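Structure first, then comments.
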Amino acid sequence: MNEKLDIITIGESLIELSTDKSLTDASSLDKFYGGDTLTTAISALKLGSKVGFISRIGMDFFKDYLLESWQEVGLDISHVKPVQGVNGIYMIALGQDTNEKQSLLYRKKTAATNLSIEDISVEYIQNSSILYSTGLTQSLSLSAKEAVKEAFRIAKENNVVTAYDPNFKSHIWSEDEAKEAFEELDEYIDILFINVRHDSKLIIESSSIDNIMKYLWDKGISTIIVKSALEKKYYVGYQGKIEDVNFTNEEVIDDTGAGDAFNGGVLHAIASGMTPFKAVKFGSIVAGLQTQGVGAIKSIPNHDDVYKIFKGQND
């Protein structure tokens, strides 16, 4: 693909099986696809960005479904490599209300765990504006972690903006492993998304927004976006200034992938020329609308719905 891309994400794809009932009561599950960096990619894509995805997918019964689905929405998959193996699966079930949400994840020894430096193309990264990945991608395997580091190094050397989210999940790997993974990348990161509840303690033993911002600015990370579910706010640190932005979701039906969709909205907005402060306001609208449906990617709002609200707020 010769056309310049706005955003490239590196990560895994998963098959999503969902229901608005409990797993005990459901007689069928809706099939879609998900994965944290893929959700971010599709979020930015649906908002109007040109997006590419670097991954490996298994040549199982889902391969054609995945490739055809991504081609249909316009995702650049020139660096998605089909290989022998299987694709991961996760299930989400809401039960009677969101407090009963059930989830299951199967991602061990999938095709994506074979991601490696061989999948990283200098030319592909050079031909983009923003490169994005997460701690979950690094957690796939040692070779995947090496691939992410190599991609970020190449991006930094070629003045491509880098964005990262630790996206720490305690059932995936340990705090020490996640912290080490972040520290391998911190010198290359331009934009950092962190969750104050799950991620900040991996980076700094403080939940103080001022302390988090100062610590990360001192590391050379220019744009810091902190998500605080407890306060229902985002905090944006940029050029020595800190602003807060309220969550826009009033009633959450399903928050699966909401943070990833938010990241896609923010990266789309930054790639479109917005400041980080405006970009987070934009991303908050994306996340708010996304939580009104079941599932990560199939609930992502479209361009017109998001921009209508955003323009209304800024008239």
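How many percent of the alpha carbon pairs in region 1-153 exceed a separation of 18 Å?
Numbers: 6726 of 11628 pairs.
Result: 58 percent of Cα pairs exceed 18 Å.
Specify the residue with the greatest mean-square fluctuation among Lys149, Lys201, Lys227, computed from a Gaussian network of the chain linking alpha-carbon atoms under 10 Å apart.
Top of the fluctuation ranking is Lys201.
Choose one of Thr39, Ser200, Ser28: the residue whose Cα lies farthest towards the positive end of the charge dipole of the chain (beta-carbon charges +1 Lys, Arg; -1 Asp, Glu; about the Cα centre).
Of the candidates, Thr39 comes out farthest on the positive side.
Please enumerate, by chain and number, the aspartates and glutamates with C-alpha under 17 Å from the C-alpha of Lys101, excluding those fewer than 8 residues away in the same chain.
Cross-link targets: Glu16, Asp20, Asp25, Asp30, Glu251, Asp254, Asp255.
Sort out for me the Cα centre separation of region 149-225 from region 40-55, rounded to whole Å.
21
Keeping the other protein chains in place, figure out the carbon and sulfur percent of the accessible area of region 157-239, with a 1.4 Å probe.
Using a 1.4 Å probe with all protein chains present, region 157-239 comes out at 42 percent carbon and sulfur.
Could you identify which residue out of Gly85, Gly58, Gly240 has the top mean-square fluctuation in a GNM of the chain using Cα springs shorter than 10 Å?
The residue with the greatest mean-square fluctuation here is Gly240.
If you roll a 1.4 angstrom probe over the protein chains with everything in place, what fraction of the accessible area of region 4-57 belongs to carbon and sulfur, to the nearest %? Display every interim value, and only then the final one.
Working: 680 of 1580 Å².
Roughly 43 percent, rounded to a whole number.
Calculate, axis by axis, the spread of Cα positions in the chain along the three principal axes, and write the results as whole Å, longest axis first.
Principal extents (largest minus smallest coordinate, Cα): 52, 45, 39 Å.
Pick from Phe168, Phe61, Phe32: which residue has the top mean-square fluctuation in a GNM of the chain where Cα pairs under 10 Å get a spring?
Residue with maximal mean-square fluctuation among Phe168, Phe61, Phe32: Phe61.
Taking only protein heavy atoms and a 1.4 Å probe, what accessible area per residue, in Å², does the chain have with all protein chains in place? Mind dumping the intermediate values first?
On the way: 14010 Å² over 315 residues.
So the chain comes to 44 Å² accessible per residue, rounded to a whole number.
For region 157-203, calculate the relative contact order in percent as a whole number, restricting contacts to Cα pairs under 8 Å that are 6 or more residues apart.
Working: 40 pairs, mean separation 25.6, N = 47.
Result for region 157-203 is 54 percent.
Using the Cα centre as the reference, give the magnitude of the dipole from point charges on the C-beta atoms of the chain (Lys, Arg: +1; Asp, Glu: -1; all else neutral), rounded to the nearest 20 debye.
Numbers: 31 positive and 46 negative charges, 40 e Å.
With Lys and Arg at +1 and Asp and Glu at -1, about 200 debye.
Rounded, prolate or oblate: pick one for region 227-301, where a ≥ b ≥ c are the square roots of the eigenvalues of its C-alpha gyration tensor, a/c under 1.5 means rounded, and failing that, prolate if a/b is larger than b/c, else oblate.
Judged from the Cα gyration tensor, region 227-301 comes out oblate (a/c at least 1.5, b/c at or above a/b).
Note down, for region 104-228, the three equivalent ellipsoid semi-axes (square root of 5 times each alpha carbon gyration tensor eigenvalue), biggest first, whole angstrom. Working shown, then result.
Values: eigenvalues 107, 81, 21 Å².
Calculated on Cα positions only, the semi-axes equal 23, 20, 10 Å.
Could you check how much of the accessible area of region 245-301 is carbon and sulfur, as a whole percent, using a 1.4 Å probe?
Details: 870 of 1760 Å².
Its accessible area is 49 percent carbon and sulfur atoms.
Which pairs in the list Lys31/Lys179; Lys31/Lys109; Lys169/Lys227; Lys201/Lys298; Lys4/Lys241 are over 25 Å apart, alpha-carbon to alpha-carbon?
As for pairs spanning more than 25 Å Cα to Cα, those are Lys31/Lys179; Lys201/Lys298; Lys4/Lys241.
The values are calculated or read from the model by the stated rules, or taken from the named source; none is laboratory data. Keep in mind that what you see is a predicted model, and the values were worked out from it rather than measured. Note: ideal-geometry Cβ built from the backbone for every residue, glycine included; neighbour counts use all protein chains shown. Only protein heavy atoms, including side chains, enter the accessible area calculation; ligands, DNA and RNA are left aside. Shrake-Rupley method; radii C 1.70, N 1.55, O 1.52, S 1.80 Å.
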